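Visitor: Starting off with a structure, shown below.
Since every read-out is calculated from the coordinates, none of them should be taken as a lab result. Everything quoted here is computed from the prediction, not taken from an experiment. Every residue, glycine among them, receives a Cβ derived from its backbone with ideal geometry; neighbour counts consider all protein chains shown.
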Amino acid sequence: MTASDTGTAPAAQPERRERKGSRGEYDHLMPKLAEHASLPPGSPQRLRLRDELVRGHLPVAQHIARRFSRRGEPEEDLEQVATLGLINAVDRYDPERGTDFLSYAVPTITGEVRRHFRDQAWSMRVPRRLKDLNVTLSSAMGQMSQTLGRAPTAAELAEHLSLPKEDVLEALEASNAYRSGSLDEMLVDDPDSGTVSDLLGEADAALEKVEYQQSLAPLLAALPQRERTIIMLRFFKNMTQSQIAAEVGISQMHVSRLLARTLMQLRDGLGENAR
Amino acid sequence: MARPDAIPPDLEEPPEDVEVRVPATPRAVVTMRTVAADLAARAEFTLDAVADLRMAVDEACSSLVSLARPDTKLTCTFILDEERMTVTATVSTFGPERLPTDSFGWRVLTTLADDVRMLSATGDRNGDPFRLTLRLSVRRLGTVLS
């Protein structure tokens, strides 16, 4: 959800950057909030008002995003997440409750930004040196897995690359701090290739034997295809990460990161369903 | 100023038995999985096994923490032997809590680790709290494939 998805430069909103006045600067939006809340969901008029309300309060979201901007996440990402929080706040705000909009919106937006940080919990800053080493390790692991018939150990990798074991351990640890997408996301993979489809068929059969399928199935279905494939092959086909890496055509480290991230998403999703 | 003694180079072996205690909160779980993975990587586990262990500890601790009483601790013991690492994770709970064993989470645990056991203890009559423990082990060479 970055602005770069479309290849355009991130659009700042310079016209909104003027100094903020008193709290009263959003007062003129209050009647519109009430009107918005009174309209039936989905009505064109409500959508138009919603748009106007989100735009009108955008400085609030930007202000909150900036408060979090020195923690290693790109500022555009934070603004998008904060804007998402603002949209939720506009959608859910109920003037009947008597609280004013800002008292409701600020915690909602802040919560959304915090949640983003939690979801990205492993994406701390990683020194360039370790990123480079990671690329080396990643490809060496693939080769060694082929020769050994299993994944190598950290010591074997270090020996193979004539590197100190401590450097290898450090780089491996850093790879868990990577945000998927930084390194190997661009590599081509094709979950529809013949063998993977066959394997998935068997995994699907195993899935049918698991309880709670009702709550799990929609979550799995909502996953991007590659993530779903990897989850199915690991947990319903019992393949190792190295085997999955070879089958899907990405590195073991990438499989590892995708698995960890997807499990966390599934856990959140299942947790909410159970409540 | 006295210099500390140099660490003998042959002290590469990790301690055999490591215990870590953190607040029983979701954000502390990362510490546990990181310790587990580091111990295993140093102990010559294959990197598949290290990754599996990391995820298993994450899953076990996350599930336990969701049942823990507020302001209590999550304790993990990591024991290494020739073939495997055995992890014991414990929290205090309000009552005789259990984790569902027909869930996806359990499936994840039992795929990643061997010998997954759930143990619960009612404290003695001094009013000690209930405890819920998960024990699991991961083999140095990873899952043995059929």
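Visitor: What does the average come to when, for each residue of peptide B:51-60, you count the partner chain Cβ atoms lying within 10 Å of its Cβ?
Guide: Across the residues of B:51-60, the mean count of other-chain Cβ atoms within 10 Å is 4.
Visitor: Moving to a separate point now. Going through the stretch B:80-126, which chymotrypsin sites (Phe, Trp or Tyr not before Pro) have at most 14 other Cβ atoms within 10 Å and a DSSP loop state?
Guide: B:Phe94
Visitor: Which net charge results when you count Lys and Arg as +1 and Asp and Glu as -1 among the other residues whose beta-carbon is under 10 Å from that of B:Pro23?
Guide: Around B:Pro23, the charge tally is +2.
Visitor: If you rank B:Leu141, A:Leu233 by fewest surrounding Cβ atoms within 10 Å, what's the result?
Guide: Lowest count first: B:Leu141, A:Leu233.
Visitor: What length, rounded to one decimal in nm, is gained on full extension from A:Glu166 through to A:Glu35, with 0.36 nm per residue of separation minus their alpha-carbon distance?
Guide: 40.9 nm
Visitor: Let me ask you something else. Could you give the length gained on full extension between A:Glu208 and A:Arg92, defined as 0.36 nm per residue of separation minus the Cα-Cα distance, in nm?
Guide: 38.0 nm
Visitor: Counting other beta carbons within 10 Å of each Cβ, put B:Val29, B:Val65, A:Val106 in order, fewest first.
Guide: In increasing order of surrounding Cβ atoms, one gets A:Val106, B:Val65, B:Val29.
Visitor: Next question, about the same structure. Net charge around A:Lys237, counting only other residues with Cβ within less than 10 Å of its Cβ (Lys, Arg = +1; Asp, Glu = -1)?
Guide: -2
Visitor: Find, among the GluC sites (Glu not before Pro) in the stretch B:9-99, those assigned to loop by DSSP (not H, G, I, E, B) with at most 12 other beta-carbon atoms within 10 angstrom.
Guide: Answer in residue order: B:Glu12, B:Glu16, B:Glu82, B:Glu83.
Visitor: Neighbour counts of other C-beta atoms within 10 Å: give me A:Arg228, A:Arg48 arranged from fewest to most.
Guide: A:Arg48, A:Arg228
Visitor: Give the residues of the stretch B:64-92 whose amide nitrogen is closer than 15 Å to a point set 7 Å from the Cα of B:Ala28 in the direction of its Cβ.
Guide: B:64-77, B:89-92
Visitor: Same structure, new question: So if I take the alpha carbon set of the stretch B:18-89, get Rg, then get Rh from the Kirkwood formula, what is the Rg over Rh ratio?
Guide: Using Cα coordinates only, the ratio equals 0.98.
Visitor: Given 0.36 nm per residue, what is the gain on full extension from A:Lys131 to A:Leu47 after removing their alpha carbon distance, in nm?
Guide: So the extension gain works out to 25.8 nm.
Visitor: If you take every residue apart from A:Ile87 with its C-beta less than 10 Å away from the C-beta of A:Ile87, what net charge results, scoring Lys and Arg +1 and Asp and Glu -1?
Guide: Charge balance near A:Ile87 sits at -1.
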